[in-house]
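Each reported figure results from applying straightforward, stated rules to the coordinates on display, with no laboratory input. All values derive from a computational prediction rather than experimental measurement.
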Amino acid sequence: MENRIPDEVLKEIFPRKLNRCPASETVYTQVKQMILSGRLKKGQRLLREEIAQNFNVSEMIVSKAFSQLKKDGLIIKKGRVGSFVA
């Protein structure tokens, strides 16, 4: 038997870590799908403001999604220029 804290207790202690932001996951999933399907082309600039408006979410939500996409190697960030499809 594992000696671990039950998930329901952890959710009370660390609600943000276990309950990820569904909006950022939705943006992440949709943008990832558009990249993998070729709808977003290599080198295409991704405007945070534009994506936020299209998904009706804040730019912070898009930033979270971009962070994960960057970790996955799907986008690259070029200094102050912006984010681009890898």
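A few comments on the model shown:
- Cut-off under 5 Å, modelled amide H: who pairs with Ile75 long-range: Lys70, Ala86
- Taking 0.36 nm per residue of separation and subtracting the Cα-Cα distance, full extension of the segment from Lys41 to Val81 would add 12.7 nm.
- Integer Hz, Karplus 6.51/-1.76/1.60 couplings in order for the range 40-50, x for Gly and Pro: 9, 8, 4, x, 5, 6, 10, 8, 4, 4, 5
- Per-residue extension of 0.36 nm, minus the Cα-Cα distance of Gln33 and Asn54, leaves a gain of 6.0 nm for this segment.
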